[in-house]
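The values are calculated or read from the model by the stated rules, or taken from the named source; none is laboratory data. Computed from a predicted model, the values in this text were never measured in an experiment. Virtual Cβ from ideal backbone geometry, glycine too; neighbours counted across all protein chains shown. Please note that ligands, DNA and RNA were not included when accessible areas were found on the heavy atoms of the full protein model with its side chains. Shrake-Rupley method; radii C 1.70, N 1.55, O 1.52, S 1.80 Å.
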Amino acid sequence: MRSTRSAPTSRASLPASDGPLRRGTPAYRRLTLAMLFAGFSTFSLLYSVQPLLPLFAHDYALSAEGASLAVSLATGPLAVGILFAGILSDRVGRRPLMVWAMFLAGMLTLAAALVPGWHALLGLRLLTGIALAGVPAVAMAYVAEEVDVASVGAAMGLYIAGSAIGGMGGRLVASLVADVAGWRWALGCVGLAGVAMAEAFRRLAPPSRGFVAGGGGSPIAGAAALFRDRALPLLYAEAFVLMGVFVTVYNYAGFRLLAPPYGLSQAAVGLVFLLYILGSASSALFGSFAGRVGRRRVFWLPIVLLIAGVAASAARPLALVVGGIALVTIGFFGAHSIASAWVGRRAVGNRGQGAALYLFFYYLGSSVLGSAGGIAWTHAGWRGVTLFCLALGGIALALAVLLARIAPLPLPEAPNAAPVEP
């Protein structure tokens, strides 16, 4: 019937032959802005509680490691959830899963600002971590399916930028609001912002055109193939220990700086998270440097900077403490940018699961080692945190040496050619 012509055509119904989104088009600009909101929302909701840990410890009479569960009980379930979110998105779609994940995480954070007890708050943080797994697990797949190959890098760059800014902004906003109105108002503000960004993502993100429902091969067989690679298990271990250092330093720096001899305010401690700006620059710098010189040759360098930062943070002068945290931030983001790209280079034919496993160990390090660092703080103060992080840094450096001795893969288009530096 001709009357059907008046019905609007859904973007989701457009055939794949219409082509992927290209840089410079209105749809591409909408998608990249949506990905910026997705990255910002995810990491502000995940880590906004980090500067609030001393307040939790005070209000609920907790030890440092007990308060750190507000972070660990979100990042741990997130790590596990990432392994399954990709499989779920193969069935329900990338965009719908991301929309629901962002809305649910924002509303759970709002609820966490209202519940009366510590255990209820922890339960909501656990559910928040599970919900948030639906964003990082499928963000790359969504962009890769919808965007022209030449434009994927720029689109993912905005997502990563949003992640870094969100990680910094969520912590900073939480600190500033908590300083004047308490941690419940701080969580409420972050939760409201998360819901607003979820709605912005829903309105901006174009419906999927390149998505095809269904699954690939066996996830177990795929994981087994990845672990047979000589380099990938070492890179997964790097993600675990490096994230452990980074989260431990930021988890317990607040406890140290709020106490004598520094006695900083909650807002002043929150300003430390502005150092994340250095991390964003470090990621780009080391990523570019490694691309020119070779990952195996330079991976040790940001790890050495991270170790030097941990050592400097043990000093008493406030300037050296902050400078040490800055070096830790630069070293961590530099090493993370190299390692994550290296995984993509080595996980030939199964990059989605390879990246998911990297993120699993990355957030597992945040959860397990981040809480373990609290035990070091409780028993030996910052000296204990320093020794714990130096030990992890030493492991990371040893793994980097082993990685440097593994031959790179040959170019995929010339399987018989001599190996090239990845």
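Results, tabulated for the structure shown:
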| quantity | calculated |
| --- | --- |
| Scan of the range 121-147 for residues that are assigned to a loop (DSSP other than H, G, I, E, B) and aliphatic (A, V, I, L, M), ordered by number | Ala133, Val135 |
| The range 198-209 residues that are in a helix (DSSP H, G or I), paired with ones that are open to solvent by 20 Å² or more (accessible area, probe 1.4 Å) (beta carbon under 6 Å, 6 or more apart) | Ala198/Phe103; Ala200/Phe37; Phe201/Phe37; Leu204/Arg30; Leu204/Leu33 |
| Qualifying helices (runs of 4 or more DSSP H) (wholly inside the range 48-120; at least 2 residues being out of contact with any Pro (no Cβ under 6 Å at 6 or more places or on another chain), of a type outside the set (A, V, I, L, M, F, W, C) and open to solvent by 40 Å² or more (accessible area, probe 1.4 Å)) | 53-59, 94-112 |
| Options Gly381, Gly373: the member that is modelled with pLDDT of 90 or more, farther than 20 Å from Ala223 by Cβ and under 20 Å from the mean Cα position of the chain (by Cα) | Gly373 |
| Among (1) of a type in the set (A, V, I, L, M); (2) over 18 Å from Leu409 (Cβ atoms); (3) surrounded by 18 or more Cβ atoms within 10 Å (Cβ to Cβ) - the single one Leu274 does not satisfy | (3) |
| The range 309-329, residues that are more than 24 Å from the chain's Cα centre (by Cα), β-branched (Val, Ile, Thr) and open to solvent by 10 Å² or more (accessible area, probe 1.4 Å) | none |
| Counted residues, the range 222-266 - those being open to solvent by 40 Å² or more (accessible area, probe 1.4 Å), among the aliphatic types (A, V, I, L, M) and in a loop (DSSP other than H, G, I, E, B) | 1 |
| Single match in Leu369, Leu357, Leu390 (criterion: within 30 Å of Leu409 (Cα to Cα) and assigned to a helix (DSSP H, G or I)) | Leu357 |
| Residue in the range 159-178 that is open to solvent by 50 Å² or more (accessible area, probe 1.4 Å) and touching a Phe, Trp or Tyr at 6+ places or on another chain (Cβ under 7 Å) present | yes |
